[in-house]
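> Below: one structure in structure tokens.
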Protein chains: 2
Amino acid sequence: MTDPNFDLHAQLEADTVPLVDWPLARLLLMNDRRFPWIILVPRVSGASEIFDLPASARTVLWREVDAAASKLKAETRALKINIGALGNIVRQLHIHVVARNEGDGAWPGPVWGSGTRIPYEAGRLKALTTQFAAMLGSAPS
Amino acid sequence: MTDPNFDLHAQLEADTVPLVDWPLARLLLMNDRRFPWIILVPRVSGASEIFDLPASARTVLWREVDAAASKLKAETRALKINIGALGNIVRQLHIHVVARNEGDGAWPGPVWGSGTRIPYEAGRLKALTTQFAAMLGSAPS
């Protein structure tokens, strides 16, 4: 189902750190301390829209998105999870899963296009990467 | 799977016109002439997050979202489809499917929180409702 020659888009590579690979998607932590933010990238070359994927892969992708969303909400006790697949700027198919709370830096608007990414301090990034990789654990069944 | 007592949230009711009911979701046309924009609302009371739905309903919901996205792209020949489930303001679970093009009123940012909704002229709204209901047709299998 995945492509052994899959390459992550340079912009996603620059803005994130890898957390874990599930059967279809690579899960990334967005390096932006303003919001707990995970990105799922199906390891499939050339996909831009979700409906570019075969139906079997779409089913797996949404199962992985739902699982990541549920785990992120439980871990962060966020008020609301925001899910988005935009791709207006980075065309490689990727799905955002963001933990939102009243009073966060973009509330109640979307995080996309809101202000400028603020990277985590190095030690915090390392700790959060370990924490989120453990939170995500193995793939959803 | 759906709730016979389901009520559409007043804000969604005010901003949209109904297009068609698929097995799980009610599909609505956002009355905003800036963007071709469909909203899917699962006819389930009390759902806010997608993972509030049972797994069987989530599978149907995403299949319906993917079908709406694919049909909207084909119909509008849009450059990119944006999919979003936010719910920061209207907590009733709903999924946006929006046709985007370079140079539209929010490009390349998200449509959510961007400017103010501009309703269609009445005749245009009626024609587009008919066109989109026909485009959506029966439920995806």
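> Filter segment A:64-107 down to residues that are among the charged types (D, E, K, R) and more than 8 Å from every other protein chain (Cβ to nearest Cβ) and give me whichever is nearest to A:H9 (Cα to Cα).
From segment A:64-107, those among the charged types (D, E, K, R) are A:64, A:66, A:71, A:73, A:75, A:77, A:80, A:91, A:100, A:102, A:104; that's our starting set.
From what's left, more than 8 Å from every other protein chain (Cβ to nearest Cβ): A:64, A:71, A:75, A:77, A:102, A:104.
On the way: A:E64: 20, A:K71: 25, A:E75: 28, A:R77: 30, A:E102: 32, A:D104: 28 Å.
Ranking the qualifying residues of segment A:64-107, first place goes to A:E64.
> May I ask you to list the residues in segment B:102-141 that are open to solvent by 60 Å² or more (accessible area, probe 1.4 Å) and either of a type in the set (G, A, S) or in contact with a helix residue (DSSP H, G or I) (Cβ under 9 Å, 6 or more places away or on another chain) (or both)?
B:G103, B:G105, B:G113, B:G115, B:R117, B:P119, B:A122, B:Q131, B:A134, B:S138, B:S141
> Output yes when any residue across segment A:80-92 is of a type in the set (G, A, S) and in contact (Cβ under 8 Å) with a residue 40 or more places away in the chain, and no when none is.
Within segment A:80-92, none of the residues are of a type in the set (G, A, S) and in contact (Cβ under 8 Å) with a residue 40 or more places away in the chain.
> Let me ask something additional. Please work out if B:G109 is at positive phi, in a loop (DSSP other than H, G, I, E, B) and not β-branched (V, I, T). Spell out how you get there, then give the answer.
Numbers: at positive phi: no; in a loop (DSSP other than H, G, I, E, B): yes; not β-branched (V, I, T): yes.
Answer is no for this residue.
> As an exercise: evaluate A:L125 against (1) within 23 Å of B:V60 (Cα to Cα); (2) part of a helix (DSSP H, G or I); (3) more than 10 Å from every other protein chain (Cβ to nearest Cβ) and give the number of the one condition it does not meet.
A:L125 satisfies every listed condition except (1).
The values are calculated or read from the model by the stated rules, or taken from the named source; none is laboratory data. If you're wondering where the values come from, they're calculated on a predicted model, not measured in any experiment. Counting neighbours? That spans all protein chains shown, and the Cβs are built from the backbone with ideal geometry, glycine included. Accessible surface areas use protein heavy atoms only, side chains included; no ligands, DNA or RNA. Shrake-Rupley method; radii C 1.70, N 1.55, O 1.52, S 1.80 Å.
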